[in-house]
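Participant: I'd like to ask you about the structure that follows.
The values are calculated or read from the model by the stated rules, or taken from the named source; none is laboratory data. Just so we're clear, the structure is a prediction, and the values are computed from it rather than from any experiment. Cβ coordinates were reconstructed from backbone atoms using ideal geometry, including for glycine residues, and neighbour counts include every protein chain displayed. Protein only, heavy atoms only, side chains kept; ligands, DNA and RNA dropped before computing areas. Shrake-Rupley method; radii C 1.70, N 1.55, O 1.52, S 1.80 Å.
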Amino acid sequence: NFKIVPESKDDFEVYLNNQVYYVQVKGTKKLSISKLKSKTKGKESIIEKNLFPGADEDNRKIFLWDLSETTKIELTKVKGTLFPEKYQFSDDQKTDITKSLNLNPSQRSRLENQFIYITPFTNDLEQSLIMLKGYMVEEGLLVTNERATVVLSELALEIDQKSEILITVEEDLVNKEIDGNYLKKIFISVKQKEMFDEVLNNLPLNTLMKQKVRAVKLRIPLLHTTLKKKIKDEVNVSKIMSCSTDEEAIHYIKNLIKEDIATELSIALAIDCFCELE
């Protein structure tokens, strides 16, 4: 029940449980208050950019991996849930920011909902992946390092691709959205890939044939989706469940294929259909 929009009105827009979050992400080292509120080449400051979009009641977050120690001392530390290092501007800083940036009453109100987070990892991919994998295990999403890596790689690629989409009209926003259904598909596809390998290894095939089956499996989404759908429509799930071994189940599905195709393709299609029945 959420969606994320990268590189739209802010670096990220997050929609969750009827709440909207506008997120700025900065990888600059030792940022200070002066840098957060300074304009660069006539463009809005980091604080301003995060205040502009949305409504007054929306949530605003600035994620940093490094903040100068003097600035940390000046900020007001508050209790964080996602990351322990969560800060808010002090009353004096809010007054100064309002004056420096010439904020209107609405923007001044939005400043109350703006928080700064310091990530518990540096600007380093490996360290961030360790933390993300830890969260995934904690939530019961994945249990192996390989599965977590595949999922996060897919998600990173999707974010990069969605970020490149230009918005000319409001309707274009839907093309940039990443939602829960997309994430479900990633988790399911990873699970099915693992299951494919497990079933293939259970079959009495030599190593060369198994290599051929794995190779041809990659072409199924591109070349054989219609045939695969026909096979799945013919499958009797009750018969599958009564099979005592993977070999027996795959043999049953293979016999449903009416087309004259290569042996390795028939095996790959049968295993693929079997893995998707769940």
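Participant: Have a look at K230, K239, K212 and point out the one that is under 28 Å from T144 (Cβ atoms), of a type outside the set (A, V, I, L, M, F, W, C) and either modelled with pLDDT under 95 or surrounded by 12 or more Cβ atoms within 10 Å (Cβ to Cβ) (or both).
Facilitator: Exactly one residue qualifies, and that residue is K212.
Participant: Please indicate, with yes or no, whether at least one residue in the range 45-53 is among the polar types (S, T, N, Q), closer than 19 Å to S109 by Cα, surrounded by 13 or more Cβ atoms within 10 Å (Cβ to Cβ) and touching a strand residue (DSSP E or B) at 6+ places or on another chain (Cβ under 8 Å).
Facilitator: Yes, that holds for at least one residue.
Participant: Just checking, how many residues over the range 97-133 are touching a residue at least 40 places away in the same chain (Cβ under 8 Å) and basic (K, R)? Let's see the steps before the verdict.
Facilitator: Going through the range 97-133, the residues touching a residue at least 40 places away in the same chain (Cβ under 8 Å) turn out to be 97, 100-101, 103, 106-107, 109-111, 113-119, 121-123.
In the following step, the residues that additionally are basic (K, R) were identified as 110.
Residues flagged as touching a residue at least 40 places away in the same chain (Cβ under 8 Å) and basic (K, R) within the range 97-133 amount to 1.
Participant: Still on this structure, please answer the following. Of (1) open to solvent by less than 60 Å² (accessible area, probe 1.4 Å); (2) more than 30 Å from the chain's Cα centre (by Cα); (3) in contact (Cβ under 8 Å) with a residue 24 or more places away in the chain, K94 satisfies all except one. Which?
Facilitator: (3) is the only condition that K94 fails.
Participant: Here are K49, K61, K3, K35: which of them is closer than 26 Å to A156 by Cβ and in a helix (DSSP H, G or I)?
Facilitator: K49
Participant: Among the residues of the range 1-25, count how many are modelled with pLDDT of 90 or more, open to solvent by less than 60 Å² (accessible area, probe 1.4 Å) and within 21 Å of K43 (Cβ to Cβ).
Facilitator: 9
Participant: Going residue by residue through the range 261-273, is there one that turns out to be in a helix (DSSP H, G or I), open to solvent by 100 Å² or more (accessible area, probe 1.4 Å) and not β-branched (V, I, T)?
Facilitator: For the range 261-273, residues in a helix (DSSP H, G or I), open to solvent by 100 Å² or more (accessible area, probe 1.4 Å) and not β-branched (V, I, T): absent.
Participant: Identify, by number, the condition in (1) of a type in the set (S, T, N, Q); (2) open to solvent by 60 Å² or more (accessible area, probe 1.4 Å); (3) more than 20 Å from the chain's Cα centre (by Cα) that S32 doesn't meet.
Facilitator: Failed condition: (2).
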